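What follows is a short report on a single structure.
What follows draws every value from the coordinates through simple rules; no lab data is involved. From a predicted model like this one, the values you see are computed outputs, not experimental measurements. Cβ coordinates were reconstructed from backbone atoms using ideal geometry, including for glycine residues, and neighbour counts include every protein chain displayed.
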Amino acid sequence: MFKKGLIVFSMLAVLVAFSPAKAQAKGTVTLTYVEWDCAVASTYLAQAILQEELGYRVEVLPVGAAAMWQAIATGDADGMVTAWLPVTHSTYYEQLEGQVENLGPLAHGAKIGLVVPEYVTISSIEEMNANADKFNGRIVGIDPGAGIMGLTEKVLEEYNLSNIELVEGSGATMAAALQDAVNNNQWVAVTGWSPHWKFGRWDLKYLEDPKGVYGEEEYIATIVRAGLKDDMPEVYAFLDNFYWTQEQMAEVMVMNQERGSDPYESAKKFMNDNPDLVNEWLGR
């Protein structure tokens, strides 16, 4: 399924200017991520700590899910803090297990599924086909490489949603569809996940999934390349210790939704506001 050289990372690199606060840069760490709001929050916080506290230069690379996993397996990236397991990214993990190292949960309580406004009167995916016209015959999705998109295709089959199609998009288009529907009190169904800032902005709910296609509660994991522990033990130790709650993550996600916000600056603010937590991650 995967091919080496899937991505020319130099073309995709998003570099945040490095301003060492504690020491001269010790080397470059490459973190890759998908552009989900929770992933942005975790990745930029890891970047800020590695740069500001430990003195590394950190590149952050936004890519698709398949490329994210492949980059770590091939050693083109050092790690990620946004693997959804055991369901959403199960295909990637199963195919690359042994080529990457799972450092365990970064956060618990993650969930994926179909999300609708609270005022939508149905409660289960089983009821969607009979109400397809109210949903304009569509589910608004995100980027096509995301694990939730593959599972949603399976949902269409398992529930025989012949009157519904899955529309590819992005996290931004998904949020825009929600905003427009809520503003006009219309029905909409989107591929959704939590933690996500949308649950703090609008009254939303997950449609029940009696067939269990989306699985049960998940966790967000940190995955690193083989050999990182030997090459960069200090980086490895921090990533191994890095764990935060959905509530803490939400603080950063909300800051990132403010007009003119910078995810790196949001991460630094959280870091500076929570020195004890940061010191715990750093083993101090």
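What to note about this one:
- Packing here is the average count of other Cβ atoms within 10 Å per residue, and on that basis the peptides 34-46, 173-185, 217-229, highest first, run 34-46, 217-229, 173-185.
- Ellipsoid fit via the Cα gyration tensor, the range 67-152: semi-axes of 33, 14, 10 Å, each the root of five times an eigenvalue, largest first.
- Difference of contour (0.36 nm per residue) and Cα-Cα distance, Asp276 to Glu157: 38.0 nm
- Within the chain, helix-based [θ] at 222 nm, where runs of 4 or more DSSP H residues each add -39,500 (n - 2.57), nearest 500: -10000 deg cm²/dmol
- If both residues of a DSSP beta bridge must be in the chain, then about 65% of such bridges are antiparallel.
- Here is the tail figure for the range 166-284: Cα pairs spaced more than 20 Å apart come to 60 percent of all pairs.
- Förster-model FRET efficiency, 45 Å R0, Lys26 and Val254, C-beta, rounded to 0.05: 0.90
- If R0 is taken as 25 Å, the Cβ-Cβ distance between Glu234 and Ser261 corresponds to a FRET efficiency of 0.30.
- For the range 85-127: span of alpha carbons on each principal axis (Å, largest first): 46, 21, 10
- The range 103-135-the range 237-284 distance, computed between alpha-carbon centres (Å): 28 Å
- Where labels lie 7 Å past Cα in the beta-carbon direction, separation of Glu247 and Lys205 in nm: 2.5 nm
- When each of Lys134/Lys198; Lys154/Lys268; Lys134/Lys154; Lys211/Lys269 is checked by Cα-Cα distance, pairs over 31 Å: Lys154/Lys268; Lys211/Lys269
- For a paramagnetic label modelled on Glu126 (point 7 Å from Cα along Cα→Cβ), amide N atoms under 11 Å away are absent within the range 153-196.
- Cβ-to-Cβ counts within 10 Å put Val140, Val278 in ascending order as Val278, Val140, the fewest first.
- Along each principal axis, taking the top coordinate minus the bottom one, the Cα set of the range 110-206 gives 32, 29, 21 Å in descending order.
- Per residue, the convex hull around the alpha carbon atoms of the chain comes to 126 Å³.
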